[in-house]
Each structure stands twice: as structure tokens, then as C-alpha cells.
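K.L.:
Here it is, the structure in full.
Read the figures in this text as sums done on the coordinates, not as results from a lab. Because the structure is a prediction, the values reported are computed rather than measured. When we count neighbours, we look across all protein chains shown, and the Cβ atoms used for this are built from the backbone with ideal geometry, even at glycine.
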Amino acid sequence: MIRARNLLALLPPLLLAAPAVSAAPAQSCSGEHHGRTAPCLSGIASWYGEHYRGRKTSSGEAFDPDAMTAAHPSLPMQARVRVTDLATGRSVTVRINDRGPGYGRVIDLSRAAARSLGIEQRGLAHVRVEELAERAE
């Protein structure tokens, strides 16, 4: 059995191995993006996957980690958003079909969206989230 003292000895190396992304609060951003004025948010994105496959999302559909979807606390269900990784400039378009995330994050992506954005291995990324004009049916 590992003693508490031994666990404390492991803490500094674990902290050094943690991703260099902090859970800063979401910030609003606005201005000219892709030729139009659009409100947006910037903050930390995370992703969720296989563990939630088949569970009911807030929209009522079953969660599919292979679909290009995301969870957001307040954007309308079925809204399409562009998520851009601020470190790489890479972006994906996802459909909002669930509520969340928590933990000071601005959006929770499906595994497919995280993979497409290039953040699956990192787990977290600083992103900009822009609502697009069109909605999914």
C-alpha cells in the first residue's frame, strides 16, 4: 500500500508532467473574423470520448465520439461553431448537441473533433469558439 508521504513525493514530478494549459476563465472576443463580425469566446477546450458512447446528450440524441459534435453551456442546440486552436491556427466546425463542460472550460469536443483539431493527445488547448450563421437541421 502506498503511504501518503510516498504520494506527496510523486506530486512534484506529476505537476511537471501536466499539460501547460491552465483553466483560465473564458474571455469574450469580437471583431472581424473570416469576413464578418461575429461574437466569439476564447478559453480552454477539452474532449470526451468512448466512455460516453451511446449515452443520451442534452439534445436527446445518443453521444457518438466519432461525430463532429461538442458540448457548450449556453449556445443553442444544433448551432454550428468554428473552434480554432490558438497555438496552431487549425480549426474545425462542430455541432452543439450537449451541455457542458465544467471545470472552467469553454467547450468540450467529441473525440473526432479533437482528433481533427490535433488536440487528442494533448487533451486541452487554448481555443477561440465562433458561432456560425447556419444551423444544423
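K.L.:
Restricting the first residue to the range 56-76 and requiring it to be over 17 Å from Ala112 (Cα atoms), which pairs with a second residue that is assigned to a loop (DSSP other than H, G, I, E, B) and of a type in the set (D, E, K, R) meet a Cβ separation below 8 Å and a spacing of at least six or different chains?
P.N.:
Cβ pairs passing all conditions: Ser58/Arg99; Pro73/Arg99.
K.L.:
Residues of the range 85-112 being over 14 Å from Thr57 (Cβ atoms), touching a helix residue (DSSP H, G or I) at 6+ places or on another chain (Cβ under 6 Å) and β-branched (Val, Ile, Thr), which ones?
P.N.:
Val92
K.L.:
Would you be able to say whether some residue in the range 58-66 is surrounded by 15 or more Cβ atoms within 10 Å (Cβ to Cβ), in a strand (DSSP E or B) and touching a strand residue (DSSP E or B) at 6+ places or on another chain (Cβ under 8 Å)?
P.N.:
The answer is no, given that none of the residues of the range 58-66 is surrounded by 15 or more Cβ atoms within 10 Å (Cβ to Cβ), in a strand (DSSP E or B) and touching a strand residue (DSSP E or B) at 6+ places or on another chain (Cβ under 8 Å).
K.L.:
I've got another one for you. Write out, first by first residue and then by second, each pair whose Cβ atoms fall under 6 Å of each other, whose residues are 6+ apart or on separate chains, and whose first residue, in the range 93-120, is acidic (Asp, Glu) while the second is part of a strand (DSSP E or B).
P.N.:
Every condition considered, the pairs that remain are Asp98/Ala71; Asp108/Ser46; Asp108/Tyr48; Asp108/Ala71.
K.L.:
Inspect all residues belonging to the range 87-104 and state whether any of them is aliphatic (A, V, I, L, M) and either over 24 Å from Arg55 (Cα atoms) or surrounded by fewer than 19 Cβ atoms within 10 Å (Cβ to Cβ) (or both). Write out each step before concluding.
P.N.:
Restricting attention to the range 87-104, the residues satisfying the condition of being aliphatic (A, V, I, L, M) are 87, 92, 94, 96.
Adding the requirement that they be either over 24 Å from Arg55 (Cα atoms) or surrounded by fewer than 19 Cβ atoms within 10 Å (Cβ to Cβ) (or both) leaves 87.
Yes, there is a match, as at least one residue in the range 87-104 is aliphatic (A, V, I, L, M) and either over 24 Å from Arg55 (Cα atoms) or surrounded by fewer than 19 Cβ atoms within 10 Å (Cβ to Cβ) (or both).
K.L.:
Next up: Of a type in the set (Lys, Arg) and touching a Lys or Arg at 6+ places or on another chain (Cβ under 8 Å): does that describe Arg95? Can you show your working first?
P.N.:
Details: of a type in the set (Lys, Arg): yes; touching a Lys or Arg at 6+ places or on another chain (Cβ under 8 Å): yes.
Considered against the rule, which asks whether it is of a type in the set (Lys, Arg) and touching a Lys or Arg at 6+ places or on another chain (Cβ under 8 Å), Arg95 comes out as yes.
K.L.:
While we're here: Given (1) crowded, with 17+ Cβ neighbours inside 10 Å; (2) under 23 Å from Arg53 (Cβ atoms); (3) not charged (D, E, K, R), identify the lone condition not met by Gly123.
P.N.:
Of the numbered conditions (1) crowded, with 17+ Cβ neighbours inside 10 Å; (2) under 23 Å from Arg53 (Cβ atoms); (3) not charged (D, E, K, R), the odd one out for Gly123 is (1).
K.L.:
When residues of the range 91-137 are filtered for being in contact with a His (Cβ under 9 Å, 6 or more places away or on another chain), in a loop (DSSP other than H, G, I, E, B) and over 16 Å from Cys40 (Cα atoms), how many remain?
P.N.:
Residues in the range 91-137 being in contact with a His (Cβ under 9 Å, 6 or more places away or on another chain), in a loop (DSSP other than H, G, I, E, B) and over 16 Å from Cys40 (Cα atoms): 3 in total.
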